[in-house]
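A quick write-up on the structure given underneath.
The values are calculated or read from the model by the stated rules, or taken from the named source; none is laboratory data. The structure displayed is predicted, hence computed values, not measured ones. Glycine gets a Cβ as well: all are built from the backbone with ideal geometry, and neighbour counts include every protein chain shown. Calculation scope for accessible area: heavy atoms of the full protein, side chains included, ligands and nucleic acids excluded. Shrake-Rupley method; radii C 1.70, N 1.55, O 1.52, S 1.80 Å.
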Amino acid sequence: DQLLGQGTVAGLSGGAGLDVVEYRDADVAFPSDVPVRFDLAGTTPGTQHDQMRVFGESRTLTLGGAPLVVNPAGFAPGCNDQFVIVDMVEQSSSVSETFSYGGQPLPQGATFNAGGRDFQINYQGGDGNDIVLTSTRAGNIDGAAFNTLVVESRSRRTHCDHVAVVHPTVATITFDIA
């Protein structure tokens with residue numbers, strides 16, 4: 001799908017499939033009351049997650065506080081998996097304003113939960129002007145499958161150094177790795 005020229009978009013939804021929607025030589029603006037939806041099933045744009053691409057020199061994408069809808073649809077992203085949901089192709093193009101989530105503004109670096117998964121939003125991701133979602137917590141571990149859990153972290157500390165163990169008859173235990 002492509003939009004040529006300038007205009008206001010009534011929303012973005014890839015429908016049943018995973019799509020790349022392109023806007024060429026257009027400034028794009030989203031109304032504040034129309035949801036913008038991205039389906040996630042992997043980290044590859046177009047085949048595993050929805051992506052919007054804006055082509056053209058000095059183009060502006062105005063988010064206008066539009067509600068962001070992220071649908072992982074049963075996909076369990078790994079810790080620090082990244083999803084470039086908006087690719088501002090030209091370096092001279094920019095993103096203006098932010099999305100909202102759950103009726104609240106979603107500022108730079110904010111975290112939110114979608115489909116039981118935690119994400120952080122970066123409006124200056126990718127090559128500096130893209131919108132990137134980063135999974136900040138890996139999927140839960142089923143505690144019924146084992147009696148002892150040993151977790152080691154050999155890399156630098158990140159926001160993903162915690163684990164939730166879910167046991168069907170006990171409770172969910174979440175702990176941080178120091």
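Results, tabulated for the structure shown:
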{"read-out": "Where labels lie 7 Å past Cα in the beta-carbon direction, separation of residue 43 and residue 104 in nm", "value": "2.8"}
{"read-out": "Long-range HN-HN contacts of residue 59 with modeled amide H, under 5 Å", "value": "93, 94"}
{"read-out": "Theoretical gain in end-to-end length, residue 80 to residue 127 [0.36 nm per residue, Cα-Cα removed]", "value": "15.2 nm"}
{"read-out": "Length added when fully stretched, residue 69-residue 91, from 0.36 nm per residue minus Cα-Cα", "value": "5.3 nm"}
{"read-out": "Long-range HN-HN contacts of residue 38 with modeled amide H, under 5 Å", "value": "69, 70, 71"}
{"read-out": "Per residue accessible area in Å² of segment 18-116, where ligands, DNA and RNA are left out and the probe is 1.4 Å", "value": "42"}
